[in-house]
1. Being closer than 22 Å to VAL16 by Cα, within 14 Å of ligand 2 (Cβ to nearest atom), in contact with a strand residue (DSSP E or B) (Cβ under 6 Å, 6 or more places away or on another chain) and among the hydrophobic types (A, V, I, L, M, F, W, C) is the requirement here; does CYS69 meet it?
2. Between a first residue in region 24-46 that is in contact (Cβ under 8 Å) with a residue 40 or more places away in the chain and a second residue that is open to solvent by 20 Å² or more (accessible area, probe 1.4 Å) and aromatic (Phe, Trp, Tyr), which pairs have beta carbons less than 8 Å apart while being 6 or more apart in sequence or on different chains?
3. Here are THR85, THR28, THR81, THR74: which of them is of a type outside the set (A, V, I, L, M, F, W, C) and within 16 Å of ligand 1 (Cβ to nearest atom)?
4. At pLDDT below 95 and polar (S, T, N, Q): which single residue out of THR77, THR127 fits that description?
Amino acid sequence: MPPQIAALPQDRGFPVPWVADWSGNTETIALDPQDGRILACDCVPGRGRAMLGVNCAVRQRQGMRERLCGTCGTPITGHLTMIGTPDMPYSLEPALHIDCALFSLLACPRLTRGSERVGVVVMDGYTLLEDRILGVNHDRSLIRTILPPALGFVSGGVLDFLVAVIPGTAQRFHATEWLDANRHAATTPSPASTEGHA
Ligand SMILES: [Zn+2]
Ligand SMILES: [Zn+2]
């Protein structure tokens, strides 16, 4: 297990991705000078139960903006790796280090189960859009919209997540194909696999 993952808080004996939300949290609407209305969350990693598959809005936005790895929460200096589908046009999951992506793909049953449909996208950068909550429908579902940051503030909607728009220059792989090409990095530490870690 890479050291930056071994250092993560655990739940039920498994390291919990940095971006995951934790139970017992309260979500509130806060006012930010730059972003206008935002969804705030007071969860504390390591306290309560990990809500796997649910991203904390606060850490998701921080990860997207500061290019922090969604798995270990530390900065990514090299290529940005995202796990999703091979043809995804955008991502709500923050980018990962190569060795963190390898660990996630090999360790997470949720990802490996449907491995033909799982893809890995590698890029040098992305642009951000905002996922804002404009209101609530009669059936209590949320009315959401995706807006460029310049319009997000004036929309008055509550900023929930940031959306990474994947550039046309990104390299796209099926997860199995990418794993085969990179798997050596998971067992044999090399300069490429430790790049970006302090
Ligand atoms: Zn949270
Ligand atoms: Zn990482």
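The values are calculated or read from the model by the stated rules, or taken from the named source; none is laboratory data. Computed from a predicted model, the values in this text were never measured in an experiment. All Cβ positions, even for glycine, are placed from backbone atoms using ideal geometry, and neighbour counts span all protein chains on display. Note: accessible area is taken over every heavy atom of the protein model, side chains too, but ligands, DNA and RNA are not part of it. Shrake-Rupley method; radii C 1.70, N 1.55, O 1.52, S 1.80 Å.
1. For CYS69, the condition - closer than 22 Å to VAL16 by Cα, within 14 Å of ligand 2 (Cβ to nearest atom), in contact with a strand residue (DSSP E or B) (Cβ under 6 Å, 6 or more places away or on another chain) and among the hydrophobic types (A, V, I, L, M, F, W, C) - is met.
2. GLN34/PHE153; ASP35/PHE153; GLY36/PHE153
3. Working: THR85 fails: within 16 Å of ligand 1 (Cβ to nearest atom); THR81 fails: within 16 Å of ligand 1 (Cβ to nearest atom); THR74 fails: within 16 Å of ligand 1 (Cβ to nearest atom).
Result: THR28 is the single residue among THR85, THR28, THR81, THR74 that is of a type outside the set (A, V, I, L, M, F, W, C) and within 16 Å of ligand 1 (Cβ to nearest atom).
4. THR77
Here is a yes/no grid of residues against (1) surrounded by fewer than 16 Cβ atoms within 10 Å (Cβ to Cβ); (2) in a helix (DSSP H, G or I); (3) in contact with a Lys or Arg (Cβ under 6 Å, 6 or more places away or on another chain):
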{"position": "TRP18", "(1), (2), (3)": "no, no, no"}
{"position": "ALA30", "(1), (2), (3)": "yes, no, no"}
{"position": "GLN34", "(1), (2), (3)": "yes, no, no"}
{"position": "PRO45", "(1), (2), (3)": "no, no, no"}
{"position": "GLY53", "(1), (2), (3)": "yes, no, no"}
{"position": "GLN62", "(1), (2), (3)": "no, yes, no"}
{"position": "THR77", "(1), (2), (3)": "yes, no, no"}
